[in-house]
1. Pairs under 7 Å by beta carbon, first residue closer than 19 Å to A289 by Cα in the range 305-333, partner part of a helix (DSSP H, G or I) and among the charged types (D, E, K, R), six or more apart or different chains?
2. Going through G190, G145, G235, G176 one at a time, which residue ends up being at positive phi and either under 40 Å from the mean Cα position of the chain (by Cα) or surrounded by 13 or more Cβ atoms within 10 Å (Cβ to Cβ) (or both)?
3. When you go through (1) at pLDDT below 95; (2) closer than 30 Å to D296 by Cβ one by one for A464, which number turns out not to apply?
4. Which one of the conditions (1) assigned by TED's automatic domain parsing to the domain that holds A289; (2) modelled with pLDDT under 85 does R405 fail to meet, given that it meets all the rest?
5. Inside the range 661-676, can you point out the residues that are small (G, A, S) and without any contact (Cβ under 8 Å) to a residue 24 or more places away in the chain?
6. Considering only the range 230-255, how many residues are part of a helix (DSSP H, G or I) and either touching a residue at least 24 places away in the same chain (Cβ under 8 Å) or more than 19 Å from R322 (Cα to Cα) (or both)?
7. Specify the residue that is surrounded by the fewest Cβ atoms within 10 Å (Cβ to Cβ); the eligible residues are those in the range 332-348 that are over 30 Å from the mean Cα position of the chain (by Cα) and small (G, A, S).
8. Kindly indicate which of V301, V325 is buried (at least 20 other Cβ atoms within 10 Å of the Cβ) and of a type in the set (A, V, I, L, M).
Amino acid sequence: MLLSATDDEFRSIASELQGVAALAADRTRATSRELAAEVQRSRNVLALGGALGVLICALVALFIGRSVVAPIRAITQAMRGLTSGHGRIAITSRNRKDEIGQMVEAIAQFRETMERQNRLLQDRQDELSSQNMRFDAALNHMAQGLAMFDAGQRLVVCNRRYAELYDLTPDEVRPGTTIRQLLEHRHRRGLFGDVNFEKFAEEWLAEFSHASSRVQELADGRVLSIMRRPMLDGGIVSTTEDITEQRRSEARIAHMALHDALTGLPNRVLLSERLDHALARAKRGALVATHLLDLDRFKNVNDTLGHGAGDKLLRSVAERLRALVRESDTVARIGGDEFAVMQVAISQISDATSLAQRIIDTLSRPYDIEGQQAVIGTSVGISVGPVDGECPEQILRNADLALYRAKSDGRGTYRFFERDMDAQMQARRALECDLRKALARGEFELYYQPVVDLASNRMSSVEALIRWRHPEKGMVPPGTFIALAEEIGLIVPIGEWAIREACAAAARWPQELRIAVNLSPAQFRNPGLLQTIVAALATSGLSPNRLELEITETILLQDSEATLATLYRLRELGVRVAMDDFGTGYSSLSYLQSFPFDKIKIDRSFVRDIAESAGSLNIVRAVAALAKGLGMAATAEGVETQEQLDRIRSEGCSEMQGFLFSEPLPAAEFERQFLAQIQGAGAAAGVAA
């Protein structure tokens, strides 16, 4: 029963389940149909949506292409332009407010910044280029050679001057060239001469990193100054300067400091140095003789021919002296016409005597100076060391004292130093001091010596001769003080006084008597000469034709326009002009042609020997004939014997002057003896017809 019920229930449930299944199937079919319809509808929607999506995408793509891609493409092109250097490509869309606009604005600002930077870089590049040009110009126009090397001893840079100094080609001074290679290039060109190159290069490179300064003499004669200074990076800067001319100039200056510029001889400084060394050796047994000399009559050549001729004469004297001495001896010029010869290592005094005589003989030979023959002489003073002194100053001083003695003894000779010479020099200095005061003190006097006309045996003129009456020493010989006056420059004021005094005295004498006054070369060159003569004539009232001025022929050697102009102005004044001491200097017929002298006075040296010397006789004869031919009087000076008088008369002299007739007399004695006779019948004064 129970099982039947269960089966029924089960059948009932199954039936219900079938119904439910059928219902579910119906509903499922209905749902499927609905779903299919819905799917179809969805498909339609999707198809429409796809079409709309494609359309939208196309629109979006178009929008993006226009709004995004085109600006990005323009930006890309602009960026490519910037990277390629074309910074002027325009960038659009800068006014957009979206991200594209912001990107475009940023890129535009970047471009502007880059342009500014480029401009700044270009300006800086231009500035650097200009600086480099200036640096290159400065570097290559330096007087010094400059080279910079790195710590590896390799060349970094050098200028053209550096290459020129070492004769290096551009390829040989390329950056990176080592110092050793540069040294090898120089060595191949022979700049270092015959040296051990390896040792030389080793020493050079060892000093590479150190500051140094050295002077190098090259084989071609050039002298280089090389300075090296280290740099912080371990390299060096080297400067090289050609100091060849500087060294030559220094050598010339050093030579000039120790040598005479005119003759090239050692000067007093170098002479003293060598004399000091020679005296040190002389203390060990050898002798050293110092010859001090000056030239006699050199001043006449200098005054008459001019300073150029005087310089040439001094150079000729220097050459002659050099030829006389040994190589170990020294010839020096110590000033003016003064020379010195240091004779070293002599064994006896006779060696010095022999040299002194050779000096006198050699320098006395004639010189050809600018077509004129000049004859001078010399006097020599000798001091022997260490006997006469143990220092240069003492030796030279004593030689100077000996020279003064030689000149006082007649010139043309030599004297050795003697102990009493110092006292004599002191006396000379005292005399000089007194001479400077003599004119102001009225210590000078004029003595007068008659000149006799041989045709009439009458006194035709009088020569005024200056004398010095010293208040303590009495009469000082003219040969003593006149030379001293010329030496210290007092001859001009003394001569002016003599002209005034002579004119004043002659103005008191008879009209036919002329007065003759000597003019020294210094007086003749004095610009105030004409004014002095005019003033003396005007003050005294003496007629100009009664004044006769005697000049030595050496004055005419200075054949300048000024000399002749002065002579002709004197002639215009009416003053007579005579040539004194004719034949003792540089006689030439051209001098007599240059100016019409009134008288030629034959020097007493020819008259003195006229009776014994045929040469003197012939000279007197020739001069007398010459004077007669030129319409001039010929006066023989220094006539002391009757025989001399007879000879000069027979040879045609027109006048005589000398002790045979009268010695020079003070004014009062002259007037007492002769003026009364002149004012009377005339005076033969003991002169035989």
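The values are calculated or read from the model by the stated rules, or taken from the named source; none is laboratory data. These numbers were taken from a predicted model, which means no experiment stands behind them. With ideal geometry, Cβ positions are generated from the backbone for all residues, glycine too; neighbour counts draw on all protein chains shown.
1. Every condition considered, the pairs that remain are L324/R358; T330/R274; V331/R322; A332/R268.
2. Going through G190, G145, G235, G176 in turn, the sole match is G190.
3. Condition not satisfied by A464: (1).
4. R405 satisfies every listed condition except (2).
5. Of everything in the range 661-676, those that are small (G, A, S) and without any contact (Cβ under 8 Å) to a residue 24 or more places away in the chain turn out to be A668, A676.
6. First pass over the range 230-255, keeping only residues part of a helix (DSSP H, G or I): 244-255.
With either touching a residue at least 24 places away in the same chain (Cβ under 8 Å) or more than 19 Å from R322 (Cα to Cα) (or both) added as a condition, the list becomes 244-254.
Looking only at that region, the number is 11.
7. In this case the residue turns out to be S347.
8. Values: V325 fails: buried (at least 20 other Cβ atoms within 10 Å of the Cβ).
None of the others qualify; the one that does is V301.
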